[in-house]
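Take a look at the structure set out below.
The values are calculated or read from the model by the stated rules, or taken from the named source; none is laboratory data. In this text the structure is predicted, and so the values were computed from the model without any measurement. Glycine also receives a Cβ, built like all others from the backbone with ideal geometry; neighbour counts cover every protein chain displayed.
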Amino acid sequence: MSTTTLETQTALNGALNIGAETRSSQPGILVTDYNNRQTVGKITVDHPKMICREVNVYYGAKQALKNVGLDIGINEVVAFIGPSGCGKSTFLRCLNRMNDTITGCRVTGQIKLDSDDIYDKSIDVVQLRARIGMVFQKPNPFPKSIYENVAYGPRIHGMVNTKAELDDLVRASLERAGLLKEVATRMEEPGTSLSGGQQQRLCIARAIAVNPEVILMDEPCSALDPIATAKIEELIDELRESYTIVIVTHSMQQAARVSQRTAYFHLGDLIEVGETDQVFTNPKHKLTEDYITGRFG
Ligand SMILES: Nc1ncnc2c1ncn2[C@@H]1O[C@H](COP(=O)(O)OP(=O)(O)OP(=O)(O)O)[C@@H](O)[C@H]1O
Ligand SMILES: [Mg+2]
């Protein structure tokens, strides 16, 4: 871990008094306890890429997320699971300030990317969203060619100087997204002419073209068939080597296949977080157990 990250983590934990990761009324269960809310499991990691503390989100007067604290580790895939309406997308959107675009939505608390407070006034939100990219549930290619979908970001961020450099970057991004072979001869066709699974990989290519550090995915496979889903899941596993990934999914099999840590949300609370294997085979909280065994949601 870099010194800066360690210092950030230590300072933040000190400031928020998260020294109580072993307090629990039930022996053997680790509970993170602060500000009168409890999350079962360890919310911190040794090598955080993002550190979220006391995150509350309101839509008008309605509170959708309650005092959530969670680290997202470098090069890990974290899955957010939980019943519909529990706040998964809301929390995901907090991580790159997509909630800013929703009228009446208010976010409080602290979210850091490395040592940068992403809600600080000095943060350029466009730059932030290049560092933290997003892939949505429904593939949403721009109404432009396959080539232009990927070239757009690097061009507006001034990442390349020549057409040849841009060509290389577009091809490399499509290659990393596992799509180049399928589109090499149809670069000028509209992005929307691709199949759903190809469109989703195009959106992933578009996200990685600007060299992000974190990729947020909100149910990226829910509109895809099992073969396209398997391709995206393989891709997520490969991308983890270079990026930090957060994925919202309703498929517990998918969470188990692609993630290293899983966070279970319920009615705006982060109920439990832990190693994915542990959460699925040995959930500590009754609500988590009910959900993963199909008794709820
Ligand atoms: N734009 C909005 N305006 C008002 N309320 C909203 C808005 N978006 C979400 N909410 C409310 O916030 C709560 C959390 O919603 P969110 O979309 O984060 O849930 P989710 O866990 O992603 O659900 P799903 O699995 O159905 O996608 C819900 O009660 C929802 O109705
Ligand atoms: Mg959602």
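Can you tell me how many residues in region 255-269 are over 13 Å from the mean Cα position of the chain (by Cα), among the hydrophobic types (A, V, I, L, M, F, W, C) and within 12 Å of ligand 1 (Cβ to nearest atom)?
Counting residues in region 255-269 that are over 13 Å from the mean Cα position of the chain (by Cα), among the hydrophobic types (A, V, I, L, M, F, W, C) and within 12 Å of ligand 1 (Cβ to nearest atom) gives 2.
Table: residues versus (1) closer than 21 Å to residue 212 by Cα; (2) touching a Lys or Arg at 6+ places or on another chain (Cβ under 6 Å); (3) within 16 Å of ligand 1 (Cβ to nearest atom).
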| site | (1), (2), (3) |
| --- | --- |
| 38 | no, no, no |
| 41 | no, no, no |
| 58 | no, yes, yes |
| 77 | yes, yes, no |
| 89 | yes, no, yes |
| 96 | yes, yes, yes |
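Looking only at region 137-157, count how many residues are within 21 Å of the chain's Cα centre (by Cα) and either surrounded by fewer than 18 Cβ atoms within 10 Å (Cβ to Cβ) or outside any loop (DSSP other than H, G, I, E, B) (or both).
5
From the set of residues in region 183-202 that are surrounded by fewer than 15 Cβ atoms within 10 Å (Cβ to Cβ) and of a type outside the set (Asp, Glu), which is nearest to residue 215 (Cα to Cα)?
Across region 183-202, the extreme among qualifying residues is 196.
Quick grid of which residues meet (1) among the polar types (S, T, N, Q); (2) buried (at least 23 other Cβ atoms within 10 Å of the Cβ):
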{"site": "51", "(1), (2)": "no, yes"}
{"site": "60", "(1), (2)": "no, no"}
{"site": "64", "(1), (2)": "no, no"}
{"site": "73", "(1), (2)": "no, no"}
{"site": "89", "(1), (2)": "yes, no"}
{"site": "100", "(1), (2)": "no, no"}
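State which residue is surrounded by the most Cβ atoms within 10 Å (Cβ to Cβ) when the search covers only region 231-251 and only residues that are of a type in the set (S, T, N, Q) and outside any strand (DSSP E or B).
Checked region 231-251; the qualifying residue surrounded by the most Cβ atoms within 10 Å (Cβ to Cβ) is 249.
Where in region 35-105 are the strands (runs of 3 or more DSSP E), entirely inside, with at least 1 residues that are within 16 Å of the chain's Cα centre (by Cα), modelled with pLDDT of 95 or more and of a type in the set (Gly, Ala, Ser)?
Filter on region 35-105 gives 62-73, 77-81.
State all residues of region 69-106 that are in contact with a helix residue (DSSP H, G or I) (Cβ under 7 Å, 6 or more places away or on another chain) and away from ligand 2 (no atom under 16 Å from the Cβ); if no residue qualifies, say none.
Scanning region 69-106 gives 77, 97, 100.
How many residues does region 252-274 contain that are in a loop (DSSP other than H, G, I, E, B) and under 27 Å from residue 128 (Cβ atoms)?
3
Output the number of the condition that residue 170 fails; it satisfies all remaining conditions of (1) away from ligand 2 (no atom under 16 Å from the Cβ); (2) out of contact with any Gly (no Cβ under 6 Å at 6 or more places or on another chain); (3) modelled with pLDDT of 95 or more; (4) more than 26 Å from residue 230 (Cα to Cα).
The single condition residue 170 does not satisfy is (4).
So, in region 138-167, exactly how many residues are among the β-branched types (Val, Ile, Thr), modelled with pLDDT of 95 or more and farther than 23 Å from residue 238 by Cβ?
Matching residues across region 138-167 total 2.
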